[in-house]
Structures are given as C-alpha cells and as structure tokens.
Amino acid sequence: MRLASLALVAAAAVLLVAATADPKAQVAARQAGMKQVGRNFKGINDQLHGAHDAATLKAQTHELAELAKRAHTWFPKGSGAEAGVKTAAKPEIWTNRRDFDAKAAAFAKASIALSNAAARSADPAVLGPLAGQVGGACKGCHTTYKLSDH
C-alpha cells in the first residue's frame, strides 16, 4: 500500500512539473502516466486471475482511478507529433477533442466504479466485470486515438 502511494505521488509530481513545461516534457509525462496506468491495470488483472489480496486490490484500483481522472489532461495542445518527440498519440485527439474527452471520461468513470467496488469487495466475480469495463474504455480510446505501430 505504501509503495502504491509513493508511486502515485511520484507520478503526480512528474505530471505536475510537465504541465508547465515544454511539449517534450509533456509527452514524457504523458507516457509515464500511461505506463503507470498500464502497470496498475496489469496488477489488478493479475490479482483477479490469481491469488488476490484485498488491500492490494483496493490500493491499485484507487491509484488507477486517480490516474484516470487526470488522463485527459495529459494531452495538452501542442504535445502531439509536432513536439518533435516520438508519440503514439494521433492528431485526431486535438481535432476531435470533444470525442476524445468523452472517451477519457468513460475511462475515468469505469475506473472510479472499479475502485468503489474494490473498497467494498475483493471478489473477482464482482470486480471482474468492472475491470472488463475499464479495459473496454481503454480499448475504445486506443483504437481511435493511438497509433497502432507503437
């Protein structure tokens, strides 16, 4: 639990610094945030498909929800390929921002629902379908807004 809290604080600090930095730093912060999302989601799924620990599930789902709430902010204007950094973010993120933000909101909503459920139960039968909704929200955005060769 302490390790997860430290990781969340570190991720938040990196993202906060990048929010006021140059586009290259913004891309790096976005990539760090997405990697943290991926690590958390993998950990959650590992817990749900093997021996699981309620405290670990609760911590991981909480951290995922906190990251998901901020994910849409990791894509400020000017942080696409024009920043001169390799990025998997498609330009359509900024030309179709309303849809992108809606997909990011769906990710946050699904992650919050999973976190709320994990606060009450560690039962994979309860959490599995909610984790599936998070995965679906990830896929819904990545299919449209992430380059497939990254």
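Of the residues GLY50, GLY38, only one is open to solvent by 30 Å² or more (accessible area, probe 1.4 Å), modelled with pLDDT of 95 or more and not aromatic (Phe, Trp, Tyr); which? Walk me through it before giving the result.
On the way: GLY50 fails: modelled with pLDDT of 95 or more.
Only one candidate qualifies: GLY38.
Taking ALA117, is it touching a helix residue (DSSP H, G or I) at 6+ places or on another chain (Cβ under 6 Å), open to solvent by 40 Å² or more (accessible area, probe 1.4 Å), in a helix (DSSP H, G or I) and hydrophobic (A, V, I, L, M, F, W, C)? Talk me through it step by step, then tell me what you get.
Working: touching a helix residue (DSSP H, G or I) at 6+ places or on another chain (Cβ under 6 Å): yes; open to solvent by 40 Å² or more (accessible area, probe 1.4 Å): no; in a helix (DSSP H, G or I): yes; hydrophobic (A, V, I, L, M, F, W, C): yes.
In short, no.
Of the residues that make up region 91-109, is at least one under 18 Å from ASN40 (Cα atoms), touching a residue at least 40 places away in the same chain (Cβ under 8 Å) and open to solvent by less than 20 Å² (accessible area, probe 1.4 Å)?
For region 91-109, residues under 18 Å from ASN40 (Cα atoms), touching a residue at least 40 places away in the same chain (Cβ under 8 Å) and open to solvent by less than 20 Å² (accessible area, probe 1.4 Å): present.
Just to be sure before I move on: is THR73 over 19 Å from GLN133 (Cα atoms) and at pLDDT below 95 in the structure I sent?
no
I'm told LYS146 meets every condition in (1) surrounded by 15 or more Cβ atoms within 10 Å (Cβ to Cβ); (2) at pLDDT below 95 except one. Can you identify the failing condition by its number?
(2)
Within region 55-78, can one find any residue that is under 20 Å from LYS139 (Cα atoms), surrounded by fewer than 17 Cβ atoms within 10 Å (Cβ to Cβ) and without any contact (Cβ under 8 Å) to a residue 40 or more places away in the chain?
no
Name the residues in region 52-107 that are in a loop (DSSP other than H, G, I, E, B) and not charged (D, E, K, R), would you? Before the answer, list the steps.
Here is the first cut: in region 52-107, the ones in a loop (DSSP other than H, G, I, E, B) are 52-53, 75-80, 84-88, 90-91, 96.
Those that are in a loop (DSSP other than H, G, I, E, B) and not charged (D, E, K, R): HIS52, PHE75, PRO76, GLY78, SER79, GLY80, GLY84, VAL85, THR87, ALA88, PRO91, ASN96.
The values are calculated or read from the model by the stated rules, or taken from the named source; none is laboratory data. Everything numeric here is computed off the predicted structure, so don't read it as measured data. Note that we place each Cβ from the backbone using ideal geometry, even for glycine, and neighbour counts take in every protein chain shown. Areas reflect the complete protein model, heavy atoms only, side chains present, ligands, DNA and RNA absent. Shrake-Rupley method; radii C 1.70, N 1.55, O 1.52, S 1.80 Å.
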